[in-house]
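The values are calculated or read from the model by the stated rules, or taken from the named source; none is laboratory data. Note that the structure is a prediction, hence the values are computed from the model and not measured. Quick reminder, even Gly has a Cβ in these numbers, built from the backbone with ideal geometry, and neighbours come from all protein chains shown.
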């Protein structure tokens, strides 16, 4: 003890150990992200000590945390669905890198360029695997990626796809949400048919609101004008994910083409009618829970990124879509138990 007070001797401080990082590549759209939720949750469970980094487009940065399986976002783009760009990775190489983007060398090589200690991919899989993952073009997207992980000894349940209820309030609770847009014209049902559907649902006494992406205002306004919807029921400009998620979670029904909003309805167990073409619902459709109706006319697959509406999609008429929607909106008799069983597949006829 000195006049100045007690003296202490401190030992050297030890930095906490670095948490290993795991990078998952899925630089695609909202529907692709939601279809990968079962695989992402399987990865999260298999690597509980790792920091899971998901490489996705920046526009999905708000949606990814809702999966409950992601710690960090790495902005990643795949221009024209080509080679993903992963310029934002910093620090040591990933301890594990997992390609959930595709089955070709482009996505695998984008991850390999970061020199991960371990790389899981369809292209050039680990030769030591007893049964390397096999890409099956006719396999459903959710099952495809769960099966891919199973080849590497990682368990994932294709039915594990529900999202929690969002904190944000719905801008139109109890409404029917009609979403006429889609990334590609080949998956866009004609505006006049969406408008006719909206008019008939309103005539039946249901509130109908329209939604669209950030670049779809012209389409949304066209449908609204044809349907005679009031301005308050036209949600243009592309809602932030939290508000969009709340809208879908508290909707009476979602009607759309094969696009991200259909997957969001499935994630919230909201009844939905999805108009398929040119891709079969057996590849991207909803699970068979009785809440969802997939309209589809069987035929050869078309181009999901085409510039004109696909002929199979155009074979779905307004009558069929309206009948499907009303069947899910019809109130159940008093005391009836919830709907169970397979989804209804309404045969489509020419418009």
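Numbers at a glance
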| quantity | calculated |
| --- | --- |
| Members of the stretch 1-26 that are part of a loop (DSSP other than H, G, I, E, B) and modelled with pLDDT of 95 or more | 20, 26 |
| Residue check, residue 313 assigned to a loop (DSSP other than H, G, I, E, B), assigned by TED's automatic domain parsing to the domain that holds residue 202 and at pLDDT 95 or above | no |
| Condition check for residue 252: buried (at least 17 other Cβ atoms within 10 Å of the Cβ), within 22 Å of residue 270 (Cβ to Cβ) and within 21 Å of the chain's Cα centre (by Cα) | yes |
| Residue that is modelled with the lowest pLDDT [pool: residues in the stretch 171-199 that are surrounded by fewer than 18 Cβ atoms within 10 Å (Cβ to Cβ) and not in a loop (DSSP other than H, G, I, E, B)] | 185 |
| Checklist (1) outside the structural domain of residue 251 (by TED's automatic domain parsing); (2) more than 30 Å from residue 42 (Cβ to Cβ) applied to residue 194, failing item | (1) |
| Filter result for the condition that a residue is without any contact (Cβ under 8 Å) to a residue 40 or more places away in the chain and over 20 Å from residue 69 (Cβ atoms), over 169, 137 | 137 |
| Top-ranked residue in the stretch 202-239 [being touching a residue at least 40 places away in the same chain (Cβ under 8 Å) and assigned to a helix (DSSP H, G or I); ranked as surrounded by the most Cβ atoms within 10 Å (Cβ to Cβ)] | 223 |
| Boolean, residue 86 is at negative phi, assigned by TED's automatic domain parsing to the domain that holds residue 145, touching a strand residue (DSSP E or B) at 6+ places or on another chain (Cβ under 7 Å) and touching a residue at least 60 places away in the same chain (Cβ under 8 Å) | yes |
| Out of 123, 168, sole residue that is touching a strand residue (DSSP E or B) at 6+ places or on another chain (Cβ under 9 Å), surrounded by fewer than 19 Cβ atoms within 10 Å (Cβ to Cβ) and in a loop (DSSP other than H, G, I, E, B) | 123 |
| Scan of the stretch 284-296 for residues that are assigned to a loop (DSSP other than H, G, I, E, B) and crowded, with 18+ Cβ neighbours inside 10 Å, ordered by number | 285, 286, 291, 296 |
| Qualifying residue in the stretch 245-261 (condition: without any contact (Cβ under 8 Å) to a residue 60 or more places away in the chain and either assigned by TED's automatic domain parsing to the domain that holds residue 186 or assigned to a loop (DSSP other than H, G, I, E, B) (or both)) | no |
